Amino acid sequence: MDPVIRNVRDTFDGTSAARLINLDDGPPTCTLTYSEIVPGKTSAHHIHEWEHEVYIIEGSGTLFCDGKEYPVKAGDAIFIPPNVDHYTLNDGGPGNIHRIEINPLIAAQSGGARNDGGEGTGQPPVIRNHVDLDRTKGHVLISNADGAPNYVMLHNDPMMPGAVSHPDTGGHTHEWEHVVYVLEGTATLVCGGKDYTVSAGDAILVPSNEPHQWKNESQAPVIRVTYNPVASEAAEH
C-alpha cells in the first residue's frame, strides 16, 4: 500500500485550515491539519469531547484553557484534554502562528465542534518544548502518561546527512501506522520497496504493516514529528 504524501504548499490557501491527512486517506487513528493564526486573532473557540495535540512550528501566543492563560511558542507540543474550553490567541508579535493539529477520527466524523465554548473540566493542558527533551531517554513529547488516550507525539532525533534508519535490517515493519510531518529538510522514504522524496511541509501517512525506512541523502539535517497509536509505546520499535 502506498503512503499518502501531501504538502502544505499545495493545500493551504492562506486562510482556511489545510486538511493534510483526512478521513478519505483512511488513517486508522488520527488526522492532521495545518493552520495559521494571524496577529491579534484567535483559533476557533470551542469545547468538545475529544483531545487535541498541537505542534507549533513558528510564532508564539497564548493558549486559553478554561479561562487560564498559558504562553506557547515555536517548538511546543501541546496536549489539550477532552472537555476543556480552549482557544489560542496570537499576541506574540508581528508574525503568524504556524501550527499543525492532530485529532482523533471522531473529530472529523462528527463534523467538528459546533459551539463557542462552555464550562470545562478544568484539567490543564500539557505543554512541552522539544528543546527540553532528555534525548538519552527517548524522543516522546506527548505520551499516554500525559493523558493522551489515542496517539503519542514524537520529535524524532535529527537525521544528519547520510543517516539511514534501521540500516542493519533495511527498515522495519510494524502493525501500526505513522503520521509524520516534516519540519525541516529533504529525505527519502522507502515504503513497500518504492522510494518517495519528502521535504519540509509534507504530511505523510505510512500505512500499517508496510516495510519502511528513512534515508537522508541530502546535505542538511531532516527533522520530523511523528504521531503513533498509544499501543506503540508498549512495543519494541
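The requirement of being over 20 Å from the mean Cα position of the chain (by Cα), within 30 Å of H52 (Cβ to Cβ) and surrounded by fewer than 18 Cβ atoms within 10 Å (Cβ to Cβ) is fulfilled somewhere in the stretch 137-145, by at least one residue. Selection over the stretch 77-94 of residues that are more than 14 Å from E51 (Cα to Cα), in contact with a strand residue (DSSP E or B) (Cβ under 7 Å, 6 or more places away or on another chain) and either of a type in the set (S, T, N, Q) or in a loop (DSSP other than H, G, I, E, B) (or both) gives a count of 5. Does S208 qualify as being closer than 24 Å to P28 by Cβ, at pLDDT 95 or above and among the polar types (S, T, N, Q)? Against the criterion (closer than 24 Å to P28 by Cβ, at pLDDT 95 or above and among the polar types (S, T, N, Q)), S208 qualifies.
Among the residues of the stretch 111-129, those that are touching a strand residue (DSSP E or B) at 6+ places or on another chain (Cβ under 6 Å) and without any contact (Cβ under 8 Å) to a residue 60 or more places away in the chain comprise V126, R128, N129. Scanning the stretch 93-108 for residues that are at pLDDT 95 or above and not aliphatic (A, V, I, L, M) yields G95, N96, H98, R99, E101, N103, P104. What are the residues in the stretch 114-136 that are surrounded by fewer than 17 Cβ atoms within 10 Å (Cβ to Cβ) and among the aliphatic types (A, V, I, L, M), if any? Scanning the stretch 114-136 gives a single hit, V131.
Check A148 against each of (1) free of Cβ contacts under 8 Å to residues at least 60 places away in the same chain; (2) crowded, with 17+ Cβ neighbours inside 10 Å; (3) in a loop (DSSP other than H, G, I, E, B) and name the one condition it does not meet. Every condition holds for A148 apart from (1). Residue pairs whose Cβ atoms lie under 7 Å apart, separated by 6 or more positions or on different chains, with the first residue in the stretch 39-59 and under 21 Å from Y227 (Cβ atoms) and the second assigned to a strand (DSSP E or B) and of a type in the set (K, R), are V54/R99; Y55/R99; I56/K73; I56/R99; I57/R99.
Within the stretch 172-195, being touching a residue at least 60 places away in the same chain (Cβ under 8 Å), part of a strand (DSSP E or B) and farther than 17 Å from Y227 by Cβ holds for H172, K194.
The values are calculated or read from the model by the stated rules, or taken from the named source; none is laboratory data. Source: prediction; values computed, not measured. So basically every Cβ, Gly included, is an ideal-geometry build from the backbone, and we count neighbours across all protein chains shown.
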